[in-house]
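The values are calculated or read from the model by the stated rules, or taken from the named source; none is laboratory data. Quick caveat: nothing in here was measured; it's all calculated off a predicted structure. Heads up, the Cβs are rebuilt from the backbone with ideal geometry, glycines too, and the neighbour counts pull from every protein chain shown.
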């Protein structure tokens, strides 16, 4: 089976066009898009030594929603060839495909690579009278996307003669038109060839780069030792410069570095200093710096989780030193979250009370491992039961009741399998999600993660979302409330009645508006 030349992509090129632009003006002419497709296939094979994967939707479409096949292909496409024309501008379907590619590209690897757009603008027929005008201004497309198109020089398959008449480059019209057509399509092929080669090189760099997260001051020696180990084995260690202190600049810089890596490593430190200064003012200053650094540690891990949701091959390693005991409540919750939550362990390994040498050994082993892809067939309605490791026994009656009601229950952790590679897959496959709030308060992080599931569940909302609050009873549990999901509380022995609101919601017909 033919594979895409760009790593981690299903398609090298997706041709986005209106089908009327592929209709030849007379019988003995060849369709414009057919010809471009064939030329790019042959010429790029010549230039690269391998055949590229080029795909286009050859079926006529109306104004219905994009189907899952097209959405998947657009999400896994390296570049888009957009055939602009008056017909294209008026086609809602073409604009939907264009916007879908833009949105997917923007939230994954970015719409530009090496400051060049992943959208190649082919202009078959000029649009409007003014070249400087934005033909898509009233199309409903994002202004940023329209700007990307305007900034692109494009490939014009037409000219105006001395009398101001439009002349499109149909090779059948004679040698001069054939020459101009071939020159223009060759420019397109050469630029796509450079893009593919650069993208291939970028992917190699990503696999050889590691993000070593900034940590708290007391772990600077351990971080330096990990950095030396990585560099000794030929890996590039990021960040390569100091990270900004303002929050927006910090997030943008960290996200950019993470997008250029195949792995991130997080050393989790304390939120208070172990240094004993001479006076209280100095101690206060040390502790403020320590708490600020702990907050940046949390944010880096959050951004790394976001990076992993976009790329299942991206992995994380989290190392927690022995006897770590945070003072601040937010850091206590963060530590419990790291140790127990299945979302943390998705394509990751968490080391608690382990030696630094063990971490270094695993780093080098993990860098060469690619997680296997898994698939599952859809059967009955699935409920994903999310819980912390320590609540494995407590969730048993809940799980058994759901199964007795005829549902398939997907668990965060199973016997003989820690579930570290199944969290995202479970979220993608399930029809409903039920979060179990038991021993530890990790709800902030779990609810934050649920808000982001639209990335992996495009146009497929959950039938039901619930939080089951169980014992032991605490003030936080008693007062717990959220708009993110249905909250059910049962502090004593499990009661089937307590789950009824969730199951009633799950049984509702999703096609009927609430």
Residues of the range 21-43 being closer than 17 Å to residue 81 by Cβ and either assigned by TED's automatic domain parsing to the domain that holds residue 312 or touching a helix residue (DSSP H, G or I) at 6+ places or on another chain (Cβ under 7 Å) (or both), in sequence order, are 21, 22, 31, 32, 33, 34, 36, 39, 40, 43
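With respect to residue 194, determine if the residue is free of Cβ contacts under 8 Å to residues at least 60 places away in the same chain, surrounded by fewer than 18 Cβ atoms within 10 Å (Cβ to Cβ), closer than 19 Å to residue 4 by Cα and in the same structural domain as residue 38 (by TED's automatic domain parsing).
Considered against the rule, which asks whether it is free of Cβ contacts under 8 Å to residues at least 60 places away in the same chain, surrounded by fewer than 18 Cβ atoms within 10 Å (Cβ to Cβ), closer than 19 Å to residue 4 by Cα and in the same structural domain as residue 38 (by TED's automatic domain parsing), residue 194 comes out as yes.
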Condition check: closer than 17 Å to residue 209 by Cβ and under 22 Å from the mean Cα position of the chain (by Cα). Does residue 364 satisfy that? no
Does at least one position in the range 243-256 carry a residue that is in contact with a strand residue (DSSP E or B) (Cβ under 8 Å, 6 or more places away or on another chain) and free of Cβ contacts under 8 Å to residues at least 12 places away in the same chain? no
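If I filter the range 367-382 for residues that are at pLDDT 85 or above and either buried (at least 17 other Cβ atoms within 10 Å of the Cβ) or assigned to a loop (DSSP other than H, G, I, E, B) (or both), do I get at least one hit? Step through it out loud before you land on a result.
Initially, the range 367-382 is screened for residues at pLDDT 85 or above, giving 381-382.
Cutting the leftovers down to either buried (at least 17 other Cβ atoms within 10 Å of the Cβ) or assigned to a loop (DSSP other than H, G, I, E, B) (or both) gives us 381-382.
Checked against the condition, which is being at pLDDT 85 or above and either buried (at least 17 other Cβ atoms within 10 Å of the Cβ) or assigned to a loop (DSSP other than H, G, I, E, B) (or both), the range 367-382 yields at least one hit.
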Within the range 115-125, count every residue that is at pLDDT 90 or above and either assigned to a loop (DSSP other than H, G, I, E, B) or outside the structural domain of residue 176 (by TED's automatic domain parsing) (or both). 3
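How many residues, within the range 482-493, are assigned to a loop (DSSP other than H, G, I, E, B) and farther than 16 Å from residue 448 by Cβ? Step through it out loud before you land on a result.
Of all residues in the range 482-493, those assigned to a loop (DSSP other than H, G, I, E, B) come to 482-485, 491-493.
Add one more test, that the residue is farther than 16 Å from residue 448 by Cβ, and what stays is 491-493.
Residues meeting the conditions: 3.
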Could you tell me whether any residue of the range 87-110 is in contact with a strand residue (DSSP E or B) (Cβ under 8 Å, 6 or more places away or on another chain), at pLDDT below 95 and not in a helix (DSSP H, G or I)? no
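Given the residues 140, 162, which is the only one that is in contact (Cβ under 8 Å) with a residue 12 or more places away in the chain, assigned to a loop (DSSP other than H, G, I, E, B) and in the same structural domain as residue 30 (by TED's automatic domain parsing)? Talk me through it step by step, then tell me what you get.
On the way: 162 fails: in contact (Cβ under 8 Å) with a residue 12 or more places away in the chain.
When all the criteria are applied, what remains is 140.
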Tell me, please, whether a residue that is closer than 30 Å to residue 289 by Cα, in contact (Cβ under 8 Å) with a residue 12 or more places away in the chain and surrounded by 15 or more Cβ atoms within 10 Å (Cβ to Cβ) can be found in the range 202-210. yes
